[in-house]
Amino acid sequence: MSMTTERKALNKQLETTSWGIFFIGLGGILAVQSIYKIDVKGGIFITIGLVLVALNAVRYRRQIPVSKFTLFIGIVTLLVGISDLAGFKLPVFETIIILVGLFILLGAISRRGG
C-alpha cells in the first residue's frame, strides 16, 4: 500500500504523540515509585507496551502500514509488565520465541488472503 503525503504526515504525528505519551507515562510511574518507595516496574513495561500496541492499532484503523517491530516489542513488554504485576516471572525468551512464531504464521495467513 502506497502512503500518501497525508498518511505520512499522520503517521509522523502519531509517532510523535506516542513518544510524548510514553515519556509522560514513564515519568509519572517513576515519580510514583520515587515518592512512595514502591516497585512499579511492571507499570513501566505495561505503559511501554500499551503505547506501542495502541500506536499500531491507530495505524491499522487509519490504513497506515503497521510496524511489525513496534507491535512485537509492544506485545512483549505488555506481557512482561502484566506478569510482573501478577507476581509471576514470565519466561521472556520462550515468550519471544512463541511470538516470533505467531508473527510468522499470521504473516503467512495474511499473504494467503485468509
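For the reader, a short list of remarks on this structure follows.
- Residue count, segment 41-67 (criterion: more than 14 Å from Met3 (Cβ to Cβ) and either touching a residue at least 24 places away in the same chain (Cβ under 8 Å) or of a type in the set (Phe, Trp, Tyr) (or both)): 16
- Scanning segment 7-33 for residues that are surrounded by 16 or more Cβ atoms within 10 Å (Cβ to Cβ) and of a type in the set (Gly, Ala, Ser) returns Ser18, Gly25.
- Candidate set: segment 1-31, residues that are aliphatic (A, V, I, L, M), assigned to a helix (DSSP H, G or I) and in contact with a helix residue (DSSP H, G or I) (Cβ under 8 Å, 6 or more places away or on another chain); chosen: the one nearest to Thr70 (Cα to Cα): Leu14
- Some residue of segment 78-93 being in a helix (DSSP H, G or I) and under 30 Å from Glu6 (Cα atoms): no
- Answer residue from segment 34-43, given it is touching a helix residue (DSSP H, G or I) at 6+ places or on another chain (Cβ under 7 Å) and part of a helix (DSSP H, G or I) and is surrounded by the fewest Cβ atoms within 10 Å (Cβ to Cβ) among those: Lys41
- Residue in segment 62-76 that is touching a Ser or Thr at 6+ places or on another chain (Cβ under 7 Å) and assigned to a helix (DSSP H, G or I) present: yes
- Extreme residue, nearest to the chain's Cα centre (by Cα), among residues of segment 72-114 that are among the basic types (Lys, Arg) and over 20 Å from Leu50 (Cα atoms): Arg111
- Restricting Ile82, Ile46 to residues that are among the hydrophobic types (A, V, I, L, M, F, W, C), in contact with a helix residue (DSSP H, G or I) (Cβ under 6 Å, 6 or more places away or on another chain), modelled with pLDDT of 90 or more and surrounded by 14 or more Cβ atoms within 10 Å (Cβ to Cβ) narrows the list to Ile46.
- Index of the failed condition, Ile104 passing every other in (1) at pLDDT 90 or above; (2) surrounded by fewer than 12 Cβ atoms within 10 Å (Cβ to Cβ): (1)
The values are calculated or read from the model by the stated rules, or taken from the named source; none is laboratory data. This structure is a prediction, so every number in the text was calculated from the model and none was measured. Using ideal geometry, Cβ is built from the backbone for each residue, glycine included, and neighbour counts are taken over all protein chains shown.
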